[in-house]
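Here's the structure we're looking at; comments come further down.
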Amino acid sequence: PCSEPANPCCSISYAYLVLDEAEGRFFSFWLVNHIVHNGGLYKRPFNEAFEETPMLVAVLTYVGYGVLTLFGYLRDFMRQWKIEKCQNATEREEQKDFVPLYQDFENFYTRNLYMRIRDSWNRPICSVPGAKVDMMERVSHDYNWTFTYTGRVIKDIINMGSYNYLGFAQKAGTCQEAAAKVLSQYGAGVCSTRQEMGNLDKHEELEKLVARFLGVESAMAYGMGFATNSMNIPALVGKGCLILSDELNHASLVLGARLSGATIRIFKHNNMQSLEKLLKDAIVHGQPRTRRPWKKILILVEGIYSMEGSIVRLPEVIALKKKYKSYLYLDEAHSIGALGPSGRGVVDYFGLNPEDVDIMMGTFTKSFGAAGGYIGGKKELIDYLRTYSHSAVYATSMSPPVVEQIITSVKCIMGEDGTTVGKARVQQLAENTRYFRRRLKEMGFIIYGNEDSPVVPLMLYMPAKIGAFGREMLKRNIGVVVVGFPATPIIESRARFCLSAAHTKEMLDRALKEIDEVGDLLQLKYSRHRLVPLLDRPFDETTYEETED
């Protein structure tokens, strides 16, 4: 253990020497259990590990992509000479002299790699996205270029892919009844912006409730979660400001940062040394060329990273933010409702003061089973956004039934409905998460992320196994989400499970049984227990992105 209490990265490592009796040989490995104490910043163990990719698997993955690329170019040659029918979008002959409509390599990946496994995505469901779903069956007779619906509905598929963390996506119950009542009173749409004729009493009630739920002075609700980030960040920072963004931030944060016109620098994911170095450099050197101090320094992070299953090191981020007098923008799209003893997100999970986070952003699309987003913070901040945010000024108001769904679900989580249903759902989600993760690790799969994160990535690596895993699971009536390049690094394709409080133990056990069977069938149990936390990954000090006007 680290002997210095002020050291920002205390961890405990153990080395093991193991005898493999079956093979009659010795092998050793490092098991790094990342338990961070950080001089009292953490009130609970922070267990987060990322097992390194086995060398043989990495080599075979690159070889797989190489073979796919080789055959892709061969098939393009055959299409060019009319040997094989070309089904992808092409430019007409008279357009050849203009600027190309399509980037050739991007289109190459789509037509030769993505199309082979396209049936694993965009599957249409025809029921509430609860713990189980009904899915419309479709077939393709031209290798996934087009699909035909058979008219058959596949019933009772266990849904392991929706962000229905607390199980509020349902067609019966208190939330549904309240939303139906408001629908009959207010209608489905508002047909105006908040600043004109679209500000309902329900909107005011929602914002006061959200502010009380978050523990902040004021809050504002928006009709779209993506636009909450992309349209509000430009209202907060601009030219002469610096944004320090985690390298794995969501596309909405990336777009908002780029639209702002501020300078953007990227720090390694959840790496506090990388972040602190950028903060020091920003203060020492100032703006490029002029060397003037930055007008603002804004740190952008997420609560739970939806592809990695990791949780932000919020206590350390807040400590750095205070030390270097910067601002903190926290995106809690996946963590609000899903983390913390009271379901109040990552701030509640670490037992921190909400006032230490300058801008608290989140969405209603996941834990609350609705739509839209919010920003919470000091009253001066929210009043400023009401005037200068494009989402507030130009976007149509939230639909009244959606607002009522959020109000009812938030009150349920807070216990203001007179029941303990909300608290029980938060506890059930936490139990399901720990149980599911532990069982997958015991089976020998490589699992990424934090032990308390309901987002569970299971590593597939090889491109051929992306489609195979999704198809085999669907055959067994388990609906999963598979993810590959370019959404992930090229050798880190994965299946991503999202746990829900609506999942019963019987559902999880059945899903685990089928995952175990498919894992043996496709040989996906790569784990050798070499756990490498992100903090211990090599950091290249020159690796950052900077954009200037």
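Of note:
- Residue that is nearest to Ala235 (Cα to Cα), among those in segment 257-286 that are free of Cβ contacts under 8 Å to residues at least 24 places away in the same chain and either open to solvent by 50 Å² or more (accessible area, probe 1.4 Å) or not in a helix (DSSP H, G or I) (or both): Gly286
- Qualifying residue in segment 145-168 (condition: without any contact (Cβ under 8 Å) to a residue 40 or more places away in the chain, in a helix (DSSP H, G or I) and either within 30 Å of Val421 (Cβ to Cβ) or among the aromatic types (Phe, Trp, Tyr) (or both)): no
- Here Val317 qualifies as touching a helix residue (DSSP H, G or I) at 6+ places or on another chain (Cβ under 8 Å), open to solvent by less than 10 Å² (accessible area, probe 1.4 Å), under 16 Å from Ile243 (Cα atoms) and hydrophobic (A, V, I, L, M, F, W, C).
- Taking the criterion of being under 17 Å from Asn159 (Cα atoms) and not in a loop (DSSP other than H, G, I, E, B), the residues of segment 441-474 that qualify are Val455, Val456, Pro457, Leu458, Phe469, Gly470, Arg471, Glu472, Met473, Leu474.
- For segment 347-367, a residue qualifies if it is under 22 Å from Glu416 (Cβ atoms), open to solvent by less than 30 Å² (accessible area, probe 1.4 Å) and either out of contact with any Phe, Trp or Tyr (no Cβ under 6 Å at 6 or more places or on another chain) or among the aliphatic types (A, V, I, L, M) (or both), and the qualifying residues are Val347, Tyr349, Pro354, Met360, Thr363, Phe364.
- Filter pass, Phe105 being assigned to a helix (DSSP H, G or I), at pLDDT below 90 and either touching a strand residue (DSSP E or B) at 6+ places or on another chain (Cβ under 9 Å) or aromatic (Phe, Trp, Tyr) (or both): yes
- Checking each residue in segment 178-207 for being aliphatic (A, V, I, L, M), in a loop (DSSP other than H, G, I, E, B) and surrounded by 13 or more Cβ atoms within 10 Å (Cβ to Cβ) picks out Val190, Leu200.
- Some residue of segment 238-246 being assigned to a helix (DSSP H, G or I) and either buried (at least 19 other Cβ atoms within 10 Å of the Cβ) or under 16 Å from the mean Cα position of the chain (by Cα) (or both): no
- Considering each residue of segment 414-434 in turn, at least one proves to be closer than 19 Å to Val210 by Cβ, open to solvent by less than 20 Å² (accessible area, probe 1.4 Å) and either in a helix (DSSP H, G or I) or out of contact with any strand residue (DSSP E or B) (no Cβ under 7 Å at 6 or more places or on another chain) (or both).
- Asp383 falls short of the stated requirement of being among the acidic types (Asp, Glu), modelled with pLDDT of 95 or more and within 22 Å of the chain's Cα centre (by Cα).
The values are calculated or read from the model by the stated rules, or taken from the named source; none is laboratory data. Treat the numbers as computed from the prediction; the structure is a model and nothing was measured. Please note: Cβ atoms are built from the backbone with ideal geometry, for glycine as well, and neighbour counts cover all protein chains shown. Accessible surface areas use protein heavy atoms only, side chains included; no ligands, DNA or RNA. Shrake-Rupley method; radii C 1.70, N 1.55, O 1.52, S 1.80 Å.
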